[in-house]
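Undergrad: This structure is in structure tokens; I'll ask about it shortly.
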Amino acid sequence: MTIKAALLGFGTVGQGVYEILEEKQQDLQHLLGRPVEVVGILVNDMNKSRPVRTETLVTDRFEQILEQQPDVIFEATIGQEPGYSYIKQALNERIHVVTANKVMFAAHGEDILEVADFHDVGIGYEATTAAGTPIIGTLSHLLQINNITKVEAILNGTSNYILTAMQQDGKSFSEALQEAKDKGYAEADPANDIEGHDAFYKLMILSQLLHKKQPVWSDVPLKGISQISPEDLTEAAQKGERIRHVAALELINGELSAQVKPVALPASHGLHSIDGVDNAITVSGDLVGSVTLRGPGAGKRTTASAMVEDFVRILQSAPIYQLH
Ligand SMILES: NC(=O)c1ccc[n+]([C@@H]2O[C@H](COP(=O)([O-])OP(=O)(O)OC[C@H]3O[C@@H](n4cnc5c(N)ncnc54)[C@H](OP(=O)(O)O)[C@@H]3O)[C@@H](O)[C@H]2O)c1
């Protein structure tokens, strides 16, 4: 019996998942006791050629994916819909789900977790926040008894890359942005990154996980890095500071306070030295103290890595009768 996997979306992340499932076939079989087979791939544009095995179903119809009776679905599409509807349908059919879609999960994560819990199926969302850097797993499994009241994080690799290139190499904002695009860090339309929305969604996912609630979205001060000038960075450097785009969340007397904006950080601050495309998250727990996780926050393999790790964890703990 094989474990049947289906992919929703076959862009950067979906292709990364496909490649890792192929590349790690033997390890997966060893860990899970059965081979993993990709039984279907959902795409938007059927005219694009796809580097997949000829026998693999590629379709633009979700019903055809469900007809394959997958055990797990990897969701890596764009935006709230249709991903949210597809995920709910899959969970209702008792299919495990792993998603990278932060825009969708920030808005609907609470509901999705409830539906997954109701049907006793697995849901993985490590890749939504800081890609391959395992902050979701760390908070979910390793820091459960700690009371975590404060989070400070660099959650957008593109913004951090641009700020680093401006500060260290004296580049202008537009030169640094172009460089980030050339290296594949920034999307063709980078507004989500440089205006702070991407970091905001990730912070809301962390808030839901840590506090089972989110601040009112419109109350959260949100500013990106597009207005930062080389002069701002020089002025900060003269004081021994670096400007970083920081997403912060704090629980004060039961009330959530959040903000997402550029901040000049002194050398003593834990996020001061985070350069390039890295993400970093500092959490303060009442027992463990201050812990910082740092790692790549975007990219094909690092994001797909988080998804396949989620898949392994879910399948290892799922009872065998749940396989279709
Ligand atoms: N890239 C990263 O580093 C990264 C990191 C963390 C999380 N994520 C998240 O992962 C998700 C995917 O990102 P990506 O970089 O892989 O995006 P991408 O390269 O633009 O790929 C998106 C994929 O979704 C498919 N798609 C879009 N709308 C669809 C629809 N209505 N029905 C079926 N398929 C549809 C596209 O189909 P076509 O191929 O036919 O156009 C494409 O294959 C996003 O939610 C993103 O926020 C990405």
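The values are calculated or read from the model by the stated rules, or taken from the named source; none is laboratory data. Remember, it's a predicted structure, so these values are computed and weren't measured experimentally. Neighbour counts are summed over all protein chains in view; Cβ atoms, including those assigned to glycine, are modelled from backbone coordinates with ideal geometry. Side chains included, ligands, DNA and RNA excluded: accessible areas come from the protein's heavy atoms. Shrake-Rupley method; radii C 1.70, N 1.55, O 1.52, S 1.80 Å.
Undergrad: Nearest 0.05, what FRET efficiency do Arg61 and Thr2 give at R0 = 25 Å with Cβ-Cβ as r?
TA: Step by step, r from the Cβ atoms, then E = 0.65.
Undergrad: Same structure again: For a label point 7 angstrom out from the Cα of Thr54 toward its Cβ, which stretches of region 1-38 have the backbone nitrogen within less than 17 Å?
TA: Flagged as within label range: none.
Undergrad: Now for a separate question. Packing-wise, with mean Cβ within 10 Å as the measure, how do 4-12, 136-144, 254-262, 81-89 rank, highest first?
TA: The most tightly packed comes first, giving 4-12, 81-89, 254-262, 136-144.
Undergrad: Rounded to the nearest percent, how much of the accessible area of the chain (1.4 Å probe, protein heavy atoms only) is carbon and sulfur?
TA: Whole-percent figure for carbon plus sulfur exposure: 48.
Undergrad: What net charge is computed for the residues neighbouring Ile73, neighbours being all others with C-beta under 14 Å from the C-beta of Ile73, Lys and Arg scored +1, Asp and Glu -1?
TA: -4
Undergrad: Starting from the Cα of Leu32, step 7 Å along the direction of its Cβ; do the same at Ser174; then give the gap between the two resulting points in nm.
TA: Going from the Leu32 label point to the Ser174 one covers 4.8 nm.
Undergrad: Something else about it: Rounded to whole Å and sorted largest first, what semi-axes of the equivalent ellipsoid does the C-alpha gyration tensor of region 7-145 yield via the square root of 5 times each eigenvalue?
TA: Those come to 23, 18, 15 Å.
Undergrad: A follow-up question, please. Can you tell me the length gained on complete extension of the stretch Thr234 to Gln68, counting 0.36 nm per residue apart and subtracting the Cα distance?
TA: Additional length available on full extension: 54.0 nm.
Undergrad: Let me ask you something else. Suppose all protein chains stay in the model; what accessible area per residue would a 1.4 Å probe give for region 136-296, in Å²?
TA: Per-residue accessible area for region 136-296 comes out at 47 Å².
Undergrad: If the cut-off is a Cα-Cα distance under 23 Å, which lysines reach Lys88, setting aside same-chain residues fewer than 8 apart in sequence?
TA: Answer for Lys88, where 23 Å is the Cα cut-off: Lys4, Lys102, Lys202, Lys212, Lys213, listed by chain and number.
Undergrad: In a Debye calculation with equal point scatterers on the alpha-carbon sites of region 208-310 and no solvent, what is log10 I(q)/I(0) at q = 0.11, 0.18, 0.20 Å⁻¹?
TA: The Debye formula, applied to the Cα set alone, gives -0.46, -1.15, -1.28.
Undergrad: What FRET efficiency, computed as 1/(1 + (r/R0)^6) with R0 = 41 Å and r the Cβ-Cβ distance, is obtained for His211 and Lys181, rounded to the nearest 0.05?
TA: It comes to 0.70.
Undergrad: Taking 2.2 N^0.38 Å as the expected size of a compact globular protein, what ratio does the Cα radius of gyration of the chain give against it, to two decimals?
TA: 1.02
Undergrad: Based on DSSP, what percent of beta bridges with both residues in region 189-275 are antiparallel, to the nearest 5?
TA: In region 189-275, DSSP labels about 90 percent of beta bridges as antiparallel.
Undergrad: Give me Rg/Rg_expected for region 136-296, where Rg uses Cα atoms only and Rg_expected = 2.2 N^0.38 Å with N residues.
TA: That ratio works out to 1.04.
Undergrad: Here is a further query. For the pair Ser273 and Asp117, what calculated FRET efficiency results from E = 1/(1 + (r/R0)^6), where r is the Cβ-Cβ distance and R0 = 51 Å, to the nearest 0.05?
TA: 0.80
Undergrad: Now for a different question. Rank-order 93-103, 283-293 by packing density, defined as the average count of other C-beta atoms within 10 Å over each peptide's residues, highest first.
TA: Sorting 93-103, 283-293 by mean packing, highest first, produces 93-103, 283-293.
Undergrad: Relative contact order for the chain using alpha-carbon pairs under 8 Å, separation at least 6, rounded to a whole percent?
TA: About 22 percent, as a whole number.
Undergrad: At a 10 angstrom cut-off on C-beta neighbours, averaged per residue, how do the peptides 270-282, 170-182 rank from highest to lowest?
TA: The densest-packed peptide leads the list: 270-282, 170-182.
Undergrad: Rounded to whole Hz and in sequence order, give me ³J(HN,Hα) for region 238-249 from the Karplus expression 6.51 cos²θ - 1.76 cosθ + 1.60, θ = phi - 60°, writing x for Gly and Pro.
TA: With coefficients 6.51, -1.76 and 1.60, one gets 4, 9, x, 10, 10, 8, 10, 8, 10, 9, 10, 9 Hz.
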